[in-house]
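What follows is a set of notes on a single structure, which appears directly below.
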Amino acid sequence: MAPSGSRSIKKGCQRVLYWIPVVFIVLIVAWSYYAYVLQLCIESIENTGEKVVYLLVYHVIFIMFVWAYWQTIFTKPMNPLKEFHLSYSDKELLEREDRGESQQEILRRIAKDLPIYTRTNSGAIRFCDRCQLLKPDRCHHCSVCDKCILKMDHHCPWVNNCVGFSNYKFFMLFLAYSLLYCLFITATDLQYFIKFWTNGLPDTQAKFHILFLFFSASMFSVSLASLFIYHCWLVCKNRSTLEAVRSPVFRHGTDKNGFSLGFSKNFRQVFGDEVKYWPIPVFSSLGDGCSFPTCLVNLDPEQPSSPTGPFHLKTQIYSSVSP
């Protein structure tokens, strides 16, 4: 009982520690709200029209930012469907086999009826020992969540959640609105930041908030911009962070552009077909997270044409449908 109790205490402490980055972000955002709304807009800005416009625009951006952040944190990552889990009889059969090749034969037999086209670097069926399931394409096991996550991108400590198929759109909107939030604060705070240095503002506590607000927003803007641009590039290429680091392996071999369908289709894979839902943090991504269209049977218009292109496509098609 003692070891079990120790593990429970350890897990409880870890869960608390995992929330520290989120609490830090919440405190920063809460302070920025106080500093911008009360200290800058209400206390420091004298022009009523300017004050009203700033407050209206600020609150629209703030609401969208908080909404996207909330969705990214509290949307549970999706796990593989039950079809990918081993049955009780298959588990027993797999446990009785002590040779790797024999186990692979069993896994290949099970995978034959599933939409699985990716393999390990050695060409073996991707199997998770901890979850006892065949991994769908683009699915990976998260060591923090201790679960297999569909289209896993990465585990983000700033949201205390795995970013994957179920919340990747929310994560992108969180980056977009947080960047817009910081840029708006930086732009509207600039003239009052300058007045601080030229003694154009009365000597009140608002000076400190205006100064620190500008520095904080500017600093976060730089880091958020680089992260947002990187993930925009991933969306355009239809890759996850994990796939950018290690290209997926298909039956015909490694192909970093295996899931790329061209910019428009790649974008719609994440944001969906309905334009009205693109800027809103509601789920609109295409598919079920377990299977994805690939350029194995669709030419990627982003790839340059070459004399060997048609032969390469035929090889890919054959590889994607061969047993």
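What are the radius of gyration and Dmax of the stretch 133-282, computed over its Cα atoms and given in Å?
20.2, 70
Return the tail of the calculated pair distribution for the stretch 1-128, meaning the percent of Cα-Cα pairs more than 22 Å apart. Don't skip to the answer; put the middle values down first.
Working: 5434 of 8128 pairs.
Percent of Cα pairs beyond 22 Å in the stretch 1-128: 67.
Determine the sum of side-chain charges near Ser87: Lys and Arg each +1, Asp and Glu each -1, restricted to other residues whose C-beta is under 14 angstrom from that of Ser87.
On the way: positive: Lys82, Lys91, Arg109; negative: Glu83, Asp90, Glu92, Glu95, Asp113.
With Lys, Arg at +1 and Asp, Glu at -1, the neighbours total -2.
Taking the dipole about the Cα centre of the chain, with the C-beta of Lys and Arg at +1 and of Asp and Glu at -1, give me whichever of Cys139, Asn47, Phe271 is farthest to the positive side.
The residue sitting most towards the positive pole is Cys139.
About its Cα centre, how strong a charge dipole does the stretch 112-189 have in debye, to the nearest 20, once Lys and Arg get +1 and Asp and Glu get -1 at the Cβ? Don't skip to the answer; put the middle values down first.
Details: 9 positive and 6 negative charges, 74 e Å.
For the stretch 112-189, the charge dipole is close to 360 debye.
Return the FRET efficiency for the residue pair Phe208, Glu274: r is the Cβ-Cβ distance, R0 is 45 Å, and the value is rounded to the nearest 0.05. Display every interim value, and only then the final one.
On the way: r = 45 Å, r/R0 = 1.01.
E(calc), rounded to 0.05, equals 0.50.
With every atom except the alpha carbons ignored, what do you get for Rg and Dmax of the chain, in angstroms?
24.9, 80
Dipole of the chain, Cα-centred, from +1 at each Lys and Arg C-beta and -1 at each Asp and Glu C-beta, to the nearest 20 debye?
On the way: 32 positive and 25 negative charges, 127 e Å.
Dipole size: approximately 600 debye.
By how many degrees, between 0 and 90 and to the nearest 10, does the Cα long axis of helix 20-33 differ from the longest principal axis of the chain?
Taking Cα atoms only, the helix is inclined about 30 degrees.
Compute the Kirkwood hydrodynamic radius of the stretch 197-289, taking the inverse of the mean of 1/r over all pairs of distinct Cα atoms, and give it in Å to one decimal. Can you show the working numbers first?
Details: mean 1/r = 0.0593 Å⁻¹.
Here the Kirkwood hydrodynamic radius works out to 16.9 Å.
Among Cys182, Leu227, Thr198, pick out the residue whose Cα is farthest towards the positive end of the charge dipole of the chain, where Lys and Arg carry +1 and Asp and Glu carry -1 on C-beta, about the Cα centre.
Leu227
Where the Cα atoms of the stretch 235-284 are projected onto their three principal axes, how long is each span, largest first, in whole Å?
Answer, in whole Å and largest first: 38, 18, 15 Å.
Could you state the angle between the C-alpha long axis of helix 309-321 and the longest principal axis of the C-alpha atoms of the chain, as a value from 0 to 90 degrees rounded to the nearest 10?
70
In a shell of Cβ-Cβ distance under 12 Å around Phe271, excluding Phe271 itself, what net charge do Lys and Arg (+1) and Asp and Glu (-1) give?
On the way: positive: Lys169, Lys265, Arg268, Lys276; negative: Asp273, Glu274.
Neighbourhood net charge equals +2.
Which trypsin sites (Lys or Arg not before Pro) does the stretch 128-231 hold that lie in a coil by DSSP with at most 14 other beta carbons within 10 Å? If you can, show how the numbers build up before the last one.
Details: sites: Arg130, Arg138, Lys147, Lys151, Lys169, Lys195, Lys207; in loops: Arg130, Arg138, Lys151.
Within the stretch 128-231, the qualifying trypsin sites (Lys or Arg not before Pro) (loop, at most 14 other Cβ atoms within 10 Å) are Arg130.
Wrap a convex hull around the Cα atoms of the stretch 88-166, take a quarter of its surface area, and give that in square nanometres. If you can, show how the numbers build up before the last one.
Working: hull surface 23.9 nm².
Orientation-averaged projected area of the Cα hull: 6.0 nm².
Could you tell me the relative contact order of the chain? Use alpha-carbon pairs under 8 Å, at least six residues apart, and round to a whole percent. Display every interim value, and only then the final one.
On the way: 399 pairs, mean separation 62.4, N = 323.
Relative CO of the chain lands at 19 percent.
By per-residue mean of other Cβ atoms within 10 Å, what is the highest-first order of 23-34, 266-277, 210-221?
Ranking, from highest mean packing down: 210-221, 266-277, 23-34.
Roughly how tilted is helix 168-197, in degrees to the nearest 10 and between 0 and 90, from the longest Cα axis of the chain?
The answer is roughly 20 degrees.
Just how far, in whole angstrom, is the stretch 223-297 from the stretch 65-83 if you go by their alpha carbon centroids?
17
We did not get these values from a lab; they are worked out from the coordinates using the rules stated. Predicted model only: the values in this text are computed from it and were never measured. No Cβ is skipped: glycine too gets one built from the backbone with ideal geometry, and neighbour counts run over all protein chains shown.
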